[in-house]
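The values are calculated or read from the model by the stated rules, or taken from the named source; none is laboratory data. Everything quoted here is computed from the prediction, not taken from an experiment. No Cβ is skipped: glycine too gets one built from the backbone with ideal geometry, and neighbour counts run over all protein chains shown.
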Amino acid sequence: MDVIKKRPHTGSGYPSPAIGWITVLVLSLTYMFSFMDRQILVLLVEPMKQDLQISDTQVSLLTGFAFAAVYAVMGIPMGRAADLRVRKHVIIFGVTIWSVLTIYCGLARNFIQLFFARMGVGFGEAALTPTAYSMVADLFPPEKLSRAMSVFVLGGTAGAALSLLFGGYVIGWVDQVGEISLPLLGVVAAWQLVLIIVGFLSLLMVIPLSLIPEPARHNTCVKGSPEGETNLSFSEVLAYLWTQKRFYGFYIAGIALFNLYAYGGGAWLPSYFIRVHGWEASSAGINLGLLYLVPALFGSLFAGWLSDRLFARGFSTASLSLMTIAVAMLTVLIPLVIYIPSMPIKIVAMVLANLLVVIVAVLLPTVMQLATPNRIRAQVSAIFLLVINLVGIGLGPTVIALITDYGFQDDMAVGDSIALVAVTCFLLATALLLAAHRPFQQRVNEVIYDKT
């Protein structure tokens, strides 16, 4: 890691620590509800299929394409709005849209209605992540950014883990309750009531979001732009990224490969334990949720603390260096998870792998915020999220499935497919992140330390 002696400008302009942490906690809780709203449909597949008379292919469109395509693409205009307008208003707008449409998912009577409602959920959720990234970066000085970002990301990791952990409970509850009669709405199935409840809970987040302050923007000048403008057109943002392609190109490509395995492995690891080790589907969800939740909580807070501590001591590339080390270690750990015959050792390897995955997930937005001028942070984050989500959500599960079906031609070889994709992605990602190291230091010098 590179050491530079000059300290960033950390003086006035930042809110008090109390206001900063309250704002981060509100954003993190909002992030948790967004994950619950987007994933809850997966837990209700069977009763939903039965009531609406839809196929597995239609279910996959509801849980995947309908949400992901809109979510990835609409992040760009949402990010631009966040760079130009009051950011908490952009988030409130998004929360309102996705919450109301999650409630509408619970009222849908056919596939078409549910499909368009899920597209609307993706539209609303696209407002949160790039906007929150930009806000968090203005709540704390750079040497405290990793810790703050880790608490925000913790909301997403906790939401993902809780979805797995309570999956079996939700399914059992839906089976027992059957149909319910609600005032004004009439008779709704239990799975529909679940969607109405989670949408209503998300909508309540509008109240604390409206009370948090809009932080002042820092590092607003975009060097290399016409006359140092702070409000660039989208074409100028793209041109700016091109001038810094040595960092953004290597970094985005490396994280996209990491995401390809993260989504692909996450989709198929339960099937590996069910097929190869004979776990029941319900117990697989609960066990994998527990194995993810604990390292997610610890890894999120530890990664933020360590990165900030190193940055404060002058290691300007601490966040990227820690990510690179974690990705390199995953190259070894994932094959151990698949091929070690001892279940206790396999479990330990999985916990360690989950810890490293969380470390990367926590630090990846920190790197992007440190390297990017304030006034284009949300737009650049949206472009970043567009690429890594299309690669991760769009290709990850499918690549592993294709290798299993057409490469090994054996459903029991799903573990081999997971290991092959993991080793390939993580080796390439490690090389790309290493290549991004020096240009990242240059970006930090310019954006944070104001020197070229």
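When every residue of region 83-96 is checked against the conditions, none turns out to be surrounded by fewer than 17 Cβ atoms within 10 Å (Cβ to Cβ), of a type in the set (A, V, I, L, M, F, W, C) and modelled with pLDDT under 80. Exactly one residue out of 306, 288, 241 is within 30 Å of residue 369 (Cα to Cα), touching a residue at least 12 places away in the same chain (Cβ under 8 Å), in contact with a Phe, Trp or Tyr (Cβ under 8 Å, 6 or more places away or on another chain) and not charged (D, E, K, R), and it is 241. Of the residues 257, 320, the single one that is at pLDDT 95 or above, closer than 28 Å to residue 25 by Cβ and in contact with a Phe, Trp or Tyr (Cβ under 9 Å, 6 or more places away or on another chain) is 320.
Restricting to region 179-214, name every residue that is among the hydroxyl-bearing types (Ser, Thr, Tyr) and touching a helix residue (DSSP H, G or I) at 6+ places or on another chain (Cβ under 7 Å). Let's see the steps before the verdict.
Restricting attention to region 179-214, the residues satisfying the condition of being among the hydroxyl-bearing types (Ser, Thr, Tyr) are 181, 202, 210.
Across region 179-214, the qualifying residues are 202, 210.
Among the criteria (1) modelled with pLDDT under 75; (2) outside any strand (DSSP E or B), the one residue 180 does not fulfil is (2).
Restricting 41, 61, 29 to those that are surrounded by fewer than 22 Cβ atoms within 10 Å (Cβ to Cβ), assigned to a helix (DSSP H, G or I) and modelled with pLDDT under 90 reduces the list to 61. When each of 411, 405 is tested for being acidic (Asp, Glu) and touching a Ser or Thr at 6+ places or on another chain (Cβ under 7 Å), the lone residue that passes is 411. Within the bounds of region 103-117, is there any residue that is among the aliphatic types (A, V, I, L, M), under 21 Å from residue 79 (Cβ atoms), in a helix (DSSP H, G or I) and touching a Phe, Trp or Tyr at 6+ places or on another chain (Cβ under 8 Å)? No, region 103-117 contains no residue that is among the aliphatic types (A, V, I, L, M), under 21 Å from residue 79 (Cβ atoms), in a helix (DSSP H, G or I) and touching a Phe, Trp or Tyr at 6+ places or on another chain (Cβ under 8 Å).
Output the qualifying pairs, or none if there are none: Cβ atoms under 9 angstrom, residues six or more apart or on different chains, first residue in region 318-332 and closer than 18 Å to residue 146 by Cα and in contact (Cβ under 8 Å) with a residue 40 or more places away in the chain, second residue outside any helix (DSSP H, G or I) and among the aliphatic types (A, V, I, L, M). Once the first residue is closer than 18 Å to residue 146 by Cα and in contact (Cβ under 8 Å) with a residue 40 or more places away in the chain and sits in region 318-332, its partners that are outside any helix (DSSP H, G or I) and among the aliphatic types (A, V, I, L, M) give 318/1; 320/1; 320/436; 321/1; 322/1; 324/436. Taking (1) assigned to a helix (DSSP H, G or I); (2) among the aliphatic types (A, V, I, L, M); (3) modelled with pLDDT of 90 or more in turn, residue 139 satisfies each apart from (1). Would you say residue 66 is within 10 Å of residue 126 (Cα to Cα), surrounded by 20 or more Cβ atoms within 10 Å (Cβ to Cβ) and hydrophobic (A, V, I, L, M, F, W, C)? So residue 66 fails the test. Only one of these is surrounded by fewer than 23 Cβ atoms within 10 Å (Cβ to Cβ) and out of contact with any His (no Cβ under 7 Å at 6 or more places or on another chain): 294, 358. Name it. Residue meeting the stated conditions: 294.
Criterion first (free of Cβ contacts under 8 Å to residues at least 60 places away in the same chain and farther than 30 Å from residue 143 by Cβ) does residue 278 satisfy it?
Working: free of Cβ contacts under 8 Å to residues at least 60 places away in the same chain: yes; farther than 30 Å from residue 143 by Cβ: yes.
Yes; evaluated as a whole, the condition is true for this residue.
If you check residue 165 against the conditions, is it over 30 Å from residue 368 (Cα atoms), surrounded by fewer than 23 Cβ atoms within 10 Å (Cβ to Cβ) and modelled with pLDDT under 75? Considered against the rule, which asks whether it is over 30 Å from residue 368 (Cα atoms), surrounded by fewer than 23 Cβ atoms within 10 Å (Cβ to Cβ) and modelled with pLDDT under 75, residue 165 comes out as yes.
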